[in-house]
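One structure is given below, encoded as C-alpha cells.
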Amino acid sequence: MLKNRTNISSINALLRIACGLSMLSILTAKMVRRPWKQSYVLLAIMSAFKVAEGIVRFCPMTALYCKGRALYDDMLSDMGTFDFGMDPEDPEDPEPLPSLDATHINN
C-alpha cells in the first residue's frame, strides 16, 4: 500500500496547478501555429508534470533534495570535528608560525 506523502503545501500546489495550466494552454496555442517545433512539446510535457505535482501534492525533485540534504547532514554529523593535534593554549606545542606583515612581503 502506498503511503500518503505530501511534500508541498496547499498554496504551493495551487500555484503549480495554476502556472502549469497557464503554460500548458499557451504552449498548446503555440503548437497549433507551429506544429514542427519540438521544444513546445517538451515544455508542454513539463507543464503537465507541474499540474500533476500540484494535484497529488508531491514533487519528486523536492523529495530528492530533502533526501540528499538529510544524507549530507548525517555525513557531517558522523565526521565530527577534525583535530589537527595542536592546541594553541598548550605550552608543550612548538612556537607558533610568525605572522605575515608588510616586512615579509617586500623581501
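Read-outs throughout are calculated quantities, based only on the coordinates presented, and are distinct from any laboratory measurement. Computed from a predicted structure; not experimentally measured. In this analysis, Cβ positions are derived from the backbone assuming ideal geometry, glycine residues included, and neighbour counts consider all displayed protein chains.
Counting only lysines at least 8 places from Lys67 when in the same chain, those with an alpha carbon closer than 18 Å to its own are Lys3.
Can you check what the net charge comes to around Asn12, using other residues whose Cβ is under 13 Å from the Cβ of Asn12 (Lys, Arg +1; Asp, Glu -1)?
Result for the neighbourhood of Asn12: +2.
Only the Cβ atoms of Lys and Arg (+1) and of Asp and Glu (-1) were treated as charged; on that basis the dipole of region 24-72 about its Cα centre amounts to roughly 160 debye. In terms of the mean number of neighbouring beta-carbon atoms within 10 Å, the peptides 6-15, 49-58 order highest first as 49-58, 6-15. Each of Leu15 and Ile55 was given a label point 7 Å from its Cα along the Cα-to-Cβ line. The distance between the two points is 2.2 nm. Each other residue within a Cβ distance under 14 Å of Leu43 adds +1 if Lys or Arg and -1 if Asp or Glu, for a net charge of +4. Distant-in-sequence amide contacts of Cys59, defined by a placed amide H-H separation under 5 Å and a gap of 5 or more residues or a different chain, comprise Asn7, Ile8.
Within straight-line reach of Lys37, meaning a Cα separation under 27 Å, sit the following lysines at least 8 residues removed in sequence or on another chain: Lys50.
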